[in-house]
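Step one of this worksheet: look at the structure below.
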Amino acid sequence: MTDPSHREEADLVVVGAGAAGLFAAIHAARAGVRVVALDGARVIGAKILVAGGGRCNVTHHAVDEKAYAGSSPGAIRTVLRKFTVEDTVRFFEAYGVELKREETGKLFPTTDDAHTILNALLKAARDAGVDLRFPRRVTRLERAPGDAQGGGFVVRGDWGAIHAPRVVLSTGGKALPKSGSDGAGYDFARALGHTVTDRVFPALVPLILPGTHPLRALSGLTLPATLTLRSATGKTLKEFTNSLLCTHFGLSGPCALDISRYWRDALCDDAHAGLFANFITEEREDTLDAKLLASKAANAVSFLREHVPERLARTLCEVAAVDPAASLRQLTRDQRKALARAACALPLHVEGDRGFTYAEVTMGGVPLSEVKLDTMESRVCPGLHLAGEILDVDGRIGGFNFQWAWATGFLAGSAAGESRLHREG
Ligand SMILES: Cc1cc2nc3c(=O)[nH]c(=O)nc-3n(C[C@H](O)[C@H](O)[C@H](O)COP(=O)(O)OP(=O)(O)OC[C@H]3O[C@@H](n4cnc5c(N)ncnc54)[C@H](O)[C@@H]3O)c2cc1C
């Protein structure tokens, strides 16, 4: 029988043991405090294992604030500088994990297997003495009754309760909810006095094109492209050049994923903002028009084939209502312009995104302005630290989101560990 008067205590409870939570738990425990890390999932590290197509893109060789959106760039920079890519490389190296840099600048384990990363984190947690418990879903996080600000917390679930003077809240966002990250952490943060941005949307998410859009018929085609987000007045709001994948529902690949959150964000302010695709990235509508005029190619499709795959060349002719076999010289000015527009500024008429189920990350969260940047400690609820995707910061494809998790997890965990030692000393 359990003793009803027994009150379980820890120095630190980490709520959510994903990338950020594990990192926080490891660094707090290394400082010598008793850490209990709780996660609601049956299997730890689901997102680490699916990341980078099962290879886990751990970080990027050149990380700076320009790769992120959400909170202010200055605040993001301050955090990133406190735990750098070199620190990430050293951490994994100490556990025998060698990282390799690919042409894109992304860093992966040389094993090309995400298990290598998860196993290193779990070993580091064990070595540091982290008490990792799962499945232990947290349903309530509140200040201990009677405790004034600066006092402790009670972390509760149907498994019981744990009291601790400090908590790291690292429950992630809402992306890939089946992994256990369903946004519950936002309610905990709000209940403890934080705000959450009005806009919490899927980011790094595939885009849906109308059923009749000609790019849907090119499912399986991957090619370099530039996607441009324009306001109703034609102003360029954001642009990415990268690999684009046409699918049966619309668009995926790094280029579409990177621009997705900007598209969704822009629509909230400007219902007529839209995305345009350029498949000949070194040209613009006007320069391509001039090249079409000067070209000696036999017809439109053979001209376009010099730049894009034949399937797309034929589709672009169809969009521009130009006979692919017609001689270039026979094209009217309007036909030439329509062809240049189809190739360099094709309107996408995106209908939506595929939602959190298919998103890699979450746009929005708790603003960075509500935490102290050197410790990730809450400015409104002393003793609470926040780390990872729960914060209003999202990075582009390339390992930037994990670097954010490592950096904030390190800061939150180290500070939580040290504060206890200072209290005792
Ligand atoms: C398919 C996919 C591929 C990705 N690939 C990459 C990549 O290659 N490189 C990259 O940098 N980023 C990648 N990301 C993004 C990256 O995985 C996340 O940004 C990162 O994992 C966020 O870490 P986190 O610890 O903040 O949150 P999460 O990893 O979401 O972890 C949060 C944890 O909290 C737990 N939790 C939530 N609520 C509760 C609760 N109430 N009680 C207890 N536990 C709870 C969850 O079970 C989860 O384990 C990818 C994401 C996805 C979905």
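Before moving on, here are some points about what is shown:
- Within segment 182-191, tally of residues that are open to solvent by 20 Å² or more (accessible area, probe 1.4 Å) and either more than 10 Å from the ligand (Cβ to nearest atom) or hydroxyl-bearing (Ser, Thr, Tyr) (or both): 2
- In segment 85-99, the residues that are over 14 Å from Val63 (Cβ atoms) and either in contact (Cβ under 8 Å) with a residue 60 or more places away in the chain or within 14 Å of the ligand (Cβ to nearest atom) (or both): Phe91, Phe92
- Tally, over segment 16-35, of residues that are away from the ligand (no atom under 13 Å from the Cβ) and outside any helix (DSSP H, G or I): 5
- Look at segment 253-278: where a residue is at negative phi and a partner is part of a helix (DSSP H, G or I), sitting 6+ places away or on another chain with Cβ atoms under 8 Å, you get Ala273/Trp263; Ala273/Ala266; Ala273/Leu267; Leu275/Ile259; Leu275/Trp263; Ala277/Leu215; Asn278/Ala343; Asn278/Cys344.
- When Asp258, Asp286, Asp270 are checked against the criterion of being open to solvent by 20 Å² or more (accessible area, probe 1.4 Å) and either within 27 Å of Leu204 (Cα to Cα) or aliphatic (A, V, I, L, M) (or both), a single residue qualifies: Asp270.
- Test: residue in segment 103-111 that is within 14 Å of the ligand (Cβ to nearest atom), hydroxyl-bearing (Ser, Thr, Tyr) and more than 23 Å from Gly16 (Cβ to Cβ): yes
- Within segment 221-251, the set of residues being basic (Lys, Arg) and either assigned to a loop (DSSP other than H, G, I, E, B) or closer than 10 Å to Ala277 by Cβ (or both) comprises Lys235 only.
- Residues (in contact (Cβ under 8 Å) with a residue 60 or more places away in the chain, assigned to a loop (DSSP other than H, G, I, E, B) and under 13 Å from His248 (Cα atoms)) located in segment 199-220: Pro206, Leu209, Pro210, His213
- Count - residues of segment 176-198 that are assigned to a loop (DSSP other than H, G, I, E, B) and modelled with pLDDT under 95: 5
- Failed item, numbered, when Cys56 is tested on (1) of a type outside the set (Phe, Trp, Tyr); (2) surrounded by 15 or more Cβ atoms within 10 Å (Cβ to Cβ); (3) at negative phi; (4) within 7 Å of the ligand (Cβ to nearest atom): (3)
The values are calculated or read from the model by the stated rules, or taken from the named source; none is laboratory data. Everything quoted here is computed from the prediction, not taken from an experiment. With ideal geometry, Cβ positions are generated from the backbone for all residues, glycine too; neighbour counts draw on all protein chains shown. Side chains are part of the model used for accessible areas, which takes the heavy atoms of the whole protein and leaves out ligands, DNA and RNA. Shrake-Rupley method; radii C 1.70, N 1.55, O 1.52, S 1.80 Å.
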